[in-house]
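First the structure, in the form of structure tokens, and then the observations on it.
The values are calculated or read from the model by the stated rules, or taken from the named source; none is laboratory data. Model, not experiment: these values are computed from the prediction. Cβ: placed from backbone, ideal geometry, glycine included. Neighbour counts: every protein chain shown.
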Amino acid sequence: MQLARFPRIRLAHLPTPLEPLDRLSAALGGPEIWIKRDDCTGLSTGGNKTRKLEFLMAEAVAQGADIVLTQGATQSNHARQTAAFAARLGIDCHILLENRTGSNDPNYNVNGNVFLDHLHGATMERCPGGIDMNAKLAEAAERCAAEGRKPYAIPGGGSNPTGALGYVDAAFELVRQADGIGLNIDHLIHATGSAGTQAGLVVGLKAVNAGIPLLGIGVRAERKTQEENVYRLALATADTLGQPNLVKREDVVADTSYVGPGYGLPTPGMIEAVEMFARLEGILLDPVYSGKGAAGLIDLVRKGRFKKNEKVVFLHTGGSAALFGYTAVFGEPASVAA
Ligand SMILES: *Cc1c(COP(=O)(O)O)cnc(C)c1O
């Protein structure tokens, strides 16, 4: 299967680094934990959506779009990377933000990713939590078309077969990179949400017969729903690549025990994970995705899920900009006397 058959605008900084986390591994007493730095994709503080957008935005350009629209939760990293990518291409960007967490913390609502969306020149619409955001997105795109514009709508998280190609490629990249340094990967772990990252990785790992078990740590849905979402998208992605029988249901594994009270809501494990990565490794996770993914990783290590000499790669999917929407969760006061 050749990814070069698909239009792509290459602006991610690739390959992203693959590095050992010596102090975290020592603090946990093994296994050997490595990190794949997809927080360093290079666009407006980085993150996993940039790989997907290389394929999605190429499709938008090929279709002659003059405005891209997308949707996400208020602190959406996907929305921020879409706004930055659009700015880079000179295309307008309109974002629908859902108040999915119900937070009224001013930092959550205007700082972090929201601030960056504005800085990149995107226009924004706020929506109440719990509504059908993809239906809202379709309506907004229809409104643009009625005004004579050429809209291109990107689903939440950029998760469709086109976007998932970015993570098929990431799987190829990781396997090549690990082979290059003689790293025999026993497990690959990452945070899974709208499913495109895990779906693309499953397809890419199977396509090269890597034999690396992949575990998605859920941030929203319960296990069965999450696995089925990933599986459905993996099948569609494999189909797009002309390999319809590549992925089996049992290739898709998610652990959704670390969601806590809900999407975007803090948990003690997330806070501990963000602080451990910051203090032991100088690496910024995020409170919604990679922090909960790392909380899962740390808990599974403590429960003895991995052998001491095994090599576990944590895919860092980015999101640190959202930290500035969550400062109160980490005990920072809203202001201090001058
Ligand atoms: C979107 C996102 C994820 C989840 O990726 P999906 O492809 O939506 O499953 C993980 N981490 C961060 C930081 C994200 O922004």
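Miscellaneous remarks
- In segment 1-36, the residues that are of a type in the set (D, E, K, R) and farther than 24 Å from Ala238 by Cα: Glu19, Asp22, Arg23, Glu32
- The single residue among Ala122, Ala65, Ala83 that is away from the ligand (no atom under 12 Å from the Cβ) and either without any contact (Cβ under 8 Å) to a residue 40 or more places away in the chain or surrounded by fewer than 19 Cβ atoms within 10 Å (Cβ to Cβ) (or both) turns out to be Ala83.
- Selected residue (criterion: nearest to the chain's Cα centre (by Cα)) from residues of segment 275-286 that are among the aliphatic types (A, V, I, L, M) and within 12 Å of the ligand (Cβ to nearest atom): Leu285
- Verdict on Ala60 being crowded, with 22+ Cβ neighbours inside 10 Å, of a type in the set (Gly, Ala, Ser) and within 16 Å of the ligand (Cβ to nearest atom): no
- You will find that of Tyr326, Tyr263, the residue that is closer than 25 Å to Thr50 by Cβ, within 16 Å of the ligand (Cβ to nearest atom), of a type outside the set (Asp, Glu) and under 16 Å from the mean Cα position of the chain (by Cα) is Tyr263 and no other.
- Residues that are without any contact (Cβ under 8 Å) to a residue 60 or more places away in the chain and either more than 16 Å from the ligand (Cβ to nearest atom) or more than 29 Å from Asn109 (Cβ to Cβ) (or both) do not occur anywhere in segment 43-53.
- Within segment 137-155, considering residues that are within 16 Å of the ligand (Cβ to nearest atom) and buried (at least 22 other Cβ atoms within 10 Å of the Cβ), the one farthest from the chain's Cα centre (by Cα): Leu137
- Among all residues of segment 287-310, there is at least one that is crowded, with 19+ Cβ neighbours inside 10 Å, within 16 Å of the ligand (Cβ to nearest atom), among the charged types (D, E, K, R) and not in a loop (DSSP other than H, G, I, E, B).
- Residues that are of a type in the set (Lys, Arg) and farther than 12 Å from Gly319 by Cα, drawn from segment 28-42: Lys36
- Looking across segment 224-239, the residues that are buried (at least 19 other Cβ atoms within 10 Å of the Cβ) and more than 27 Å from Ala294 (Cβ to Cβ) come down to Leu235, Ala238.
- Filtered residue count, segment 15-49, keeping only those that are of a type in the set (D, E, K, R), under 30 Å from Ala84 (Cβ atoms) and in a helix (DSSP H, G or I): 3
- Pair list, Cβ < 8 Å and 6+ apart or interchain, from segment 324-338 residues that are closer than 10 Å to Tyr108 by Cα and assigned to a helix (DSSP H, G or I) to residues that are among the acidic types (Asp, Glu) and modelled with pLDDT of 85 or more: Gly325/Asp105; Ala328/Asp105
- Residue in segment 70-78 that is in contact with a strand residue (DSSP E or B) (Cβ under 7 Å, 6 or more places away or on another chain), modelled with pLDDT of 95 or more, hydrophobic (A, V, I, L, M, F, W, C) and within 13 Å of the ligand (Cβ to nearest atom) present: yes
- Any hit, segment 185-203, residues being within 16 Å of the ligand (Cβ to nearest atom), touching a residue at least 40 places away in the same chain (Cβ under 8 Å) and under 21 Å from Ile91 (Cα atoms): no
Residues checked against (1) of a type in the set (Phe, Trp, Tyr); (2) modelled with pLDDT of 95 or more; (3) surrounded by fewer than 19 Cβ atoms within 10 Å (Cβ to Cβ):
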| residue | (1), (2), (3) |
| --- | --- |
| Ala178 | no, yes, no |
| Asn184 | no, yes, yes |
| His187 | no, yes, no |
| Thr192 | no, yes, no |
| Val219 | no, yes, no |
| Glu222 | no, yes, yes |
| Leu241 | no, yes, no |
| Pro244 | no, no, yes |
